[in-house]
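Asks: The structure that follows is given in the form of structure tokens.
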Amino acid sequence: MQRKITIICGLALSLLLVACSVKYSLNGASIDYTKTKTITIADFPIRSSYVWAPMSSIFNNALKDIFSVNTKLTQVRRNGDLKIEGEITNYTQRNKSVTAEGTSAQVELTMTVNVRFTNNKNHVEDFERQFSASRPYASNQSLNSVQEQLVQEMSKDITEQIFNATASNW
């Protein structure tokens, strides 16, 4: 008799575990997909005084990719439920540290992006904000030799900040 009860309890527990499911989102997105289905991401032009031409396409591709990979939103050219637009406003380098002889030891490259976010389903979440990232490099390296890698790293950092501010409500 006790064996039957054990078997029945085991089967009931198995059915309960199979019937229940838990969905985890590891990307941190908190989008209500019943209301929000599309996103418009405009290309960000360069509006800084110093310009490196490939920077705009590297940044724009990174921004579109992060939403494509981490959300179920369909990217549309216009009239998206969410809209992200802006411009690259600053791209500068400065001496970060100096040697004992008074020469530059390290240079810091900085990129700043101005973002206008519109949530057409909930305008309370709309904002305009600047996001920035910096990367140091040794002064004995030329900017040309490290620029592409540093811009990719800064673009990744900034697009993650934008994603967190828009899709994760952080």
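Every number in this text was worked out from the coordinates using simple rules, so none of it is lab data. Just so we're clear, the structure is a prediction, and the values are computed from it rather than from any experiment. Positions of Cβ are generated from backbone atoms using ideal geometry, with glycine treated the same way; all protein chains shown enter the neighbour counts.
Asks: Please report the base-10 log of the normalised intensity I(q)/I(0) for segment 106-157, using a Debye sum with one equal scatterer per alpha carbon and no solvent, at each q in 0.23 (1/Å).
Replies: Per q value, in the given order, log10 I(q)/I(0) is -0.83.
Asks: Something else now. Just to confirm a number: summing +1 for Lys and Arg and -1 for Asp and Glu over residues other than residue 58 whose beta-carbon lies under 11 angstrom from that of residue 58, what do you get?
Replies: Neighbourhood net charge equals -2.
Asks: Return the tail of the calculated pair distribution for segment 62-170, meaning the percent of Cα-Cα pairs more than 24 Å apart.
Replies: 37
Asks: Now a separate question. Might you report the magnitude of the Cβ-based charge dipole of segment 76-168 about its Cα centre, with Lys and Arg at +1 and Asp and Glu at -1, to the nearest 20 debye?
Replies: 180
Asks: Can you count the Lys pairs in segment 55-128 with C-alpha separation below 27 Å, eight or more apart or on different chains?
Replies: 6
Asks: Using 7 Å Cα-to-Cβ label points, what is the residue 156/residue 126 separation (nm, one decimal)?
Replies: Taking the simple label geometry, residue 156 and residue 126 are separated by 3.5 nm.
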